[in-house]
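Below is one structure, written out as C-alpha cells; the observations come after it.
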Amino acid sequence: MTDNALTKPKAAAKKPVAKEAPAKKTVAKRVVAKTAPARSVVVKRTPAKSEVVKKAATKKVDGAQLVSFYRDMMLIRRFEERAARAYTEALIGGYCHLNLGEEAAVVGLMSALRETDYLFTNYREHGYALMRGIDPNRVMAELYGRVDGVSKGWGGSMHMFDMTHRLLGGYGIVGGQLPLATGAALAIQYRGLDEVVMCTMGDGTANIGAFHESLNIAALWNLPVVFVVINNGLGMGTTVAKASAEPEIYKRASAYAMAAERVDGLDPLAVLDAGRRAVASARSGKPFLLEVVSERLRGNSVDDPAKYRSHEEVAALAKFDPVPNLAARLIKEKILSAAEVHKIDEEETARADAADAFAQASAPPDVSTLFDYNYATPVANYSRRLPGYSLFAVIARPEVAR
C-alpha cells in the first residue's frame, strides 16, 4: 500500500486475538503553486503568444525608485550595445549573450537581494554583474579577455566570478549552475547563516534533469534558495510551447510542494515586489520558484541572426521594450522631464564608452598565468605544460662521428 493511499481501520476480530492498532487515515495532498494576492492582467507579447502574468497591486509609485531603475536599465542597455559592437569588430572572443530586453527583470531581481546574498547565473550575465555592483570597467575588460577583468581575463563573457560581490558564476553549460547553487544553499543552512542564494536561468533550462534534481532536494531539505526562470519565450530558437509540455513554468513547483509565482518581467517594480517575496520565503527556509516573463530583443547570442522570427514579430517586440517604455512613463507621470531623461541616457552612454576605452587599454594576461587558478591549493606533480610542449624534457642527441 502506498503512503498516499486512503486506508480504513480493520474491523475488530470476534475471537480474543491480538488487535492491530487502527491505521491512520491519510489523504494525499494536492499542492499548487502559490501566488501572492495581485491584480491579474493579460500581457501580450508576440502575436503567437498571450500569457496571464501577475502584476503588483496598484500602489503609490516611488518616483525615486523608478528613476534609479531607469538609470540602471539604461546602463545595461548602452553597455550591451557597446559589447555587441565590439564583438562584431572581433574585439571580444568566444560567445557573447546580451540582456537586451531583459533589463527590467535584471534590475528588479538584483534589487531584491542583500549584499550578503549570493548569485549564480548562466551565460547571459553582463547585466547581473553590473547590478551586483561590479565596476563596468572590470566587466567590459573581462569581455575583452584582459587582466583587469572580473576573472583576470580568463573567463570572458560567460564565466565571470567575483567573490567580493558574491557573484559565483556565469556558467556556459545549460543548467550547470543549478546543482552548485543548491549546494551553496546547503552550506548556508549548515552554517546557520542569514543568507540566500538566487539562481537564475533561461526557460530552456527547466527541461533538463538538474532542474528537477535541484528543486526536489531544495524542497526536501528546506534550503534558502530562489530559483528564477527568465522566460523570454525562446530556448535558443525553439518556443517554450514547442519545448515544454507545461509552458507556464512556475506551475512545475507544485511537483515539489514549493511556492511559486509568475511575474511581468517588463515592469521593474513588479519584479522587485515578487523578488522580495521570493527572497523572504527562501530566507525563512522555504525555497521558491519565480518565473519572470520577459522578452529577448536580439538573437540568442550576438552572432545569431534570429531567422526563426518573422519580420512582424520583430516589429511587434519594439512595443514591449522596457527601457523606452519606462522613459515614457517617467515623462507621462511628470517624474522627470524629457530633457532629464535624455541626460541620463547621455551619462550612461558615457559610462559604457569609458568602460570600452578602459578595456581596450588593459593588457592581455600573460601565457605563464594560464594555470594559476586551476586549483585552490597546490597539487603534487601538477603539470603546467602548455599545448604543443613536450611532456618530457627534450634530450639533445650527441653527434656521432662518421
* **R0 of 60 Å, Cβ-Cβ distance PHE371-ARG71: FRET efficiency to nearest 0.05** => 0.90
* To do: Using a Förster distance of 30 angstrom, determine the FRET efficiency expected from the C-beta separation of ALA64 and THR116, and round it to 0.05.
  => 0.80
* **Theoretical gain in end-to-end length, GLU81 to VAL147 [0.36 nm per residue, Cα-Cα removed]** => 21.5 nm
* State the extension gain, in nm to one decimal, for the chain segment bounded by GLU89 and HIS342, taking 0.36 nm per residue of separation less the distance between their alpha-carbons. => 88.3 nm
* Asked: If each of ALA241 and SER284 carries a label point 7 Å out from its Cα toward its Cβ, how far apart are those two points in nm?
  -> 3.7 nm
* **Calculated P(r) of the range 39-361 - Cα pairs past 31 Å, %** => 27 percent
* To do: Report the extension gain between ALA380 and ALA315 in nm, rounded to one decimal, defined as 0.36 nm multiplied by the number of residues separating them, less their alpha carbon distance.
  => 17.5 nm
* Label-point separation in nm, ALA354 to ALA328, each point 7 Å along Cα→Cβ -> 3.1 nm
* Excluding residues on the same chain fewer than 8 positions from LYS334, give the aspartates and glutamates whose Cα lies under 15 Å from its Cα. => ASP62
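We did not get these values from a lab; they are worked out from the coordinates using the rules stated. Not measured: the values here are computed from a predicted model. All Cβ positions, glycine included, derive from the backbone under ideal geometry; neighbour counts span all protein chains shown.
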